[in-house]
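So that we are looking at the same thing, I have put the structure below in structure tokens.
The values are calculated or read from the model by the stated rules, or taken from the named source; none is laboratory data. This structure is a prediction, so every number in the text was calculated from the model and none was measured. FYI the Cβ positions are ideal-geometry reconstructions off the backbone, even for glycines, and counts take in every protein chain you see.
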Amino acid sequence: MLKADDFRHDRKEVAGWPVNITSYRIGTRYYCHIDNVDPGATIVRAEGESYDEVLQQALNRAQERLKSRV
């Protein structure tokens, strides 16, 4: 059975928008999900080999997607 480890949930502002950032590890892969606070729609999902890699990748993609909506 696979189990999520290193679960983190943060709230941050990206490109002027409040977002939820959820990250976790399953096995050796890290996953990150960024959604807007209200209504909670997914902005980006990412996966990678390390927490720092996946978080930076997700934040960069979210920044690109949200900056055009300001």
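Conditions tested, residue by residue: (1) in contact with a Gly (Cβ under 8 Å, 6 or more places away or on another chain); (2) of a type in the set (V, I, T); (3) exposed (fewer than 11 other Cβ atoms within 10 Å of the Cβ); (4) part of a strand (DSSP E or B).
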site	(1), (2), (3), (4)
H9	no, no, yes, yes
E13	no, no, yes, yes
I21	no, yes, no, yes
G40	no, no, yes, no
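Yes/no matrix, rows are residues, columns are (1) of a type in the set (A, V, I, L, M, F, W, C); (2) in contact (Cβ under 8 Å) with a residue 24 or more places away in the chain:
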{"position": "K3", "(1), (2)": "no, no"}
{"position": "E13", "(1), (2)": "no, no"}
{"position": "P18", "(1), (2)": "no, no"}
{"position": "I43", "(1), (2)": "yes, yes"}
{"position": "A58", "(1), (2)": "yes, yes"}
{"position": "R69", "(1), (2)": "no, yes"}
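If you take the residues of the range 1-59 that are modelled with pLDDT of 95 or more and out of contact with any strand residue (DSSP E or B) (no Cβ under 8 Å at 6 or more places or on another chain), which of them is farthest from R69 (Cα to Cα)?
Here the residue is D52.
Can you pull out the residues in the range 42-52 that are part of a strand (DSSP E or B) and either of a type in the set (A, V, I, L, M) or within 15 Å of D5 (Cα to Cα) (or both)?
I43, V44, A46, E47, G48
Right, something else. When you look at A46, is it at positive phi, of a type in the set (A, V, I, L, M, F, W, C) and in contact with an Asp or Glu (Cβ under 9 Å, 6 or more places away or on another chain), yes or no?
Criteria not met by A46.
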